[in-house]
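The values are calculated or read from the model by the stated rules, or taken from the named source; none is laboratory data. Note that the structure is predicted; figures quoted are calculated from it, not measured. Neighbour counts are summed over all protein chains in view; Cβ atoms, including those assigned to glycine, are modelled from backbone coordinates with ideal geometry.
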Amino acid sequence: MRISIVHNNNAKSLEANQKLTAGLAAGGFVMDEKRPDVVISIGGDGTLLSAFHRYADQLNSVRFIGVHTGHLGFYTDWRDFEIDELVEALKNDSGESVSYPLLDVLADYEDGTTSHYLALNEATLKRPNGTMRADVYIKENFFESFRGDGLCVCTPTGSTGYSKSNGGAVMHPRLDALQVTEIASINNRVFRTLAAPMILAPDEWMITRPEAFQDYLMTIDQFTITPQMVTEIRFRIADERIHFARYRHMHFWDRVEDAFIGAKQ
């Protein structure tokens, strides 16, 4: 088995990386940063997002494992004090995995060029220096004229992040669906939006056609992009999926309870 490790630089992660590297070497595993079978992320969800984007062109052949050294980890099944157990699980690996949907983002620009992105958590389009005005279509059907700070489109696994902060629902990761949440929408007698999160079915997609301004910001997970003059952005469920090597499973709603509610009274 070929393994690559991606880690952040905090003290716990560096210590865990050192121990894991030694355990993998003793176990006869091959370290391969270019074409790994398994990518192990050491840190938090941000580190795993970085690992995902680094290997986004190999999703059909790579499985991910998250080792948690921070305060919150929805994508991490292992703790930094469980390195020995993780190495043993890798030795007994039989290819088991669980997969989750990704977000496909296709942006068209005024000069006729396009950009294509994959997101694990969410993508947003914002206009930080003024009101964003955009027509919104579901599939090819006009739905509404949006006025506000921006729009957020998330995957089920990303629904516990920025989307939730904007009033979105928490979605179970087994759902093949996308969620659209508004960011500070304007609703009055002149402008009217749905003003509620929308969950799109697997065969649906959302298109936004913003008015022509130069100061849009687009985010893809933790990356911020200053695009050219945007004419249209299409959001849909990607053909690709992310695969996690799953040797044990913590129930999703237990993760949610642990992250947002804490110990039972």
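General observations
- Region 179-199, subset closer than 25 Å to Leu120 by Cα and in contact with a Lys or Arg (Cβ under 8 Å, 6 or more places away or on another chain), residue surrounded by the most Cβ atoms within 10 Å (Cβ to Cβ): Ser185
- None of Arg54, Arg2, Arg63, Arg35 is basic (Lys, Arg) and in contact with a His (Cβ under 7 Å, 6 or more places away or on another chain) except Arg63.
- Given (1) touching an Asp or Glu at 6+ places or on another chain (Cβ under 8 Å); (2) within 20 Å of Ala201 (Cβ to Cβ); (3) not hydroxyl-bearing (Ser, Thr, Tyr), number of the condition Gly130 does not satisfy: (2)
- Count of region 111-128 residues which are exposed (fewer than 11 other Cβ atoms within 10 Å of the Cβ) and in a loop (DSSP other than H, G, I, E, B): 4
- Cβ-Cβ under 6 Å pairs, at least 6 apart or on other chains, region 36-47 side farther than 9 Å from Tyr75 by Cβ, far side of a type in the set (Lys, Arg) and assigned to a strand (DSSP E or B): Pro36/Arg2; Asp37/Arg2; Val38/Arg63
- Going through (1) in contact with a Leu (Cβ under 6 Å, 6 or more places away or on another chain); (2) under 19 Å from Pro173 (Cα atoms) one by one, Leu59 falls short only on (1).
- The residue of region 175-228 that is farthest from Ala107 (Cα to Cα), among those that are basic (Lys, Arg) and modelled with pLDDT under 90, is Arg189.
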